Amino acid sequence: MARRKRKNTSSSDALPPQLTTVNLHAAGIDVGAEEHWAAVPPCDDPQPVRRFGANTADLEALADWLWGCDVTTVALESTGVYWIPLFELLETRGFQVLLVDPSKLPRSGRPKTDVHDCQWLQRLHTYGLLSACFRPEEQVVVLRSYLRQRATLLADAARDIQHMQKALTQMNIKLQHVVSDITGVTGLAIIRAILAGERDPLQLARWRDPRCKQDEAAIAAALHGTWRVEHLFVLQQALERYEFQHRQLAACDARIAAHVETFADQSHGAPLPPKRGQRRRHRNRPAFDPREPLYRMTGVDLTRIEGIDETTALIVISEIGLDISKWPSEKHFTSWLGVSPQRRISGGKVLSSRTRPTTNRAAAALRLAAASLHHSQSALGAYFRRMKSRLGTSKAITATAHKLARLLYSMLKHGTAYVAQGLEAYEQQYRERVVKNLSRKARKLGYALVKPGEATVETSLA
């Protein structure tokens, strides 16, 4: 069906400027797993509230009914993932769809029923009292879906590692105590040899990689076990699941690599800046190097920021999209992420300034990046350590994530390159700021803050 045309506005629909957010042809839908309840203005249909099923044919009937009622905009709750098929269908049919977080809806004071919920949504949307959830453009939505699937596969693989460690411990095999990672070269080689039937600790220890810190004698001493059949069975299944998850990861990385090539080039032919530093590759990172595609997508090199690697930058871009203008300022952006203080003030008194709880994946990635700055010899690393000494680790991570978010926002909005501030320059700037504050406090108390050399000169003149 052709995309819906905008309805002609009659003279009676004209509104004063202060009521421009009013939607005269709005509908509200309460989304469920097996049924959807929809409400339209009573003047548009004798039966303004109707129930529809959740099958595709039912969704088509719902869209046809809204079309026949001259509805132009629809508000629906973001309930689980049940809203996605309906949201995509309504957008395809030309409706303006507003996705609403149910936890942020004001209470209606009426009994909690599906009928009342859809009517309340319709009324709030008519008066322009609803704010939409953020949803990036379609191309970014696809990238976000791939990366979220990749995170799920990594979490499943981590659980399989725990199952392998548990099975080894139950057999009193102390492999995890003599190798840093049982899924490394040495660990996997020994586990595969055990499952192949090898029981001699000395023979198993010969699978040691030359880069392993422990010698063969220490590894052999940790490989004396009971070799119970049921635990070997659990170990074998956990290993097979782990290998399967990594095959799925390779397929997911191939999809991501192909999809990022479809984005428009925003770099205008500018060469990619050199890497900030060579870091050891981790097996959980994507199989391809996303740094160059990210530079083409955004026009800036986000990995120049300390703590932001290629994986973190890719996750953040997949969550926030490429149109940073959807947030008018840095404060709006950091508030949406949930890394800025949320002040509650009553009677001029600040009751609380904690950050609100959030499940934002971009914020989680920035928090991990902030935590990695503990030993960084940079201005951001010094800032994190100073905040940690004052506020504690958790609040320091949030404060540093807030600073990283502001740097990202500035680079994406203005297209400017990140200029790293050295540790010495940051310490000098902080020292000057402390001296300035001390001088101001001294003047309030009627004193003057002078350097020791200046004090000696004044004393000699006196």
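Some points to look at:
- So ASP160, is it at pLDDT below 95 and under 30 Å from ARG148 (Cα atoms): no
- Residue match in segment 423-432 (condition: assigned to a helix (DSSP H, G or I) and within 28 Å of VAL141 (Cβ to Cβ)): no
- Among residues of segment 336-368 being assigned to a strand (DSSP E or B) and among the charged types (D, E, K, R), the one that is farthest from THR311 (Cα to Cα) is LYS349.
- The selection criterion, being surrounded by 17 or more Cβ atoms within 10 Å (Cβ to Cβ) and in contact with a Phe, Trp or Tyr (Cβ under 8 Å, 6 or more places away or on another chain), does not hold for VAL100.
- 3 or more residues at pLDDT 95 or above: qualifying helices (runs of 4 or more DSSP H) within segment 190-264: 229-260
- Scanning segment 115-149 for residues that are under 18 Å from ARG51 (Cα atoms) and either at pLDDT below 90 or buried (at least 19 other Cβ atoms within 10 Å of the Cβ) (or both) returns ASP117, CYS118, GLN119, TRP120, LEU121, GLN122.
- Scope segment 131-174; condition of a type in the set (Gly, Ala, Ser) and assigned by TED's automatic domain parsing to the domain that holds PHE233; matching residues: SER145, ALA151, ALA155, ALA157, ALA158, ALA167
- Test for THR152: is it among the polar types (S, T, N, Q) and surrounded by 15 or more Cβ atoms within 10 Å (Cβ to Cβ): no
The values are calculated or read from the model by the stated rules, or taken from the named source; none is laboratory data. This structure is a prediction, so every number in the text was calculated from the model and none was measured. Reconstructed Cβ throughout: ideal geometry from the backbone, glycine too, with neighbour counts over all protein chains shown.
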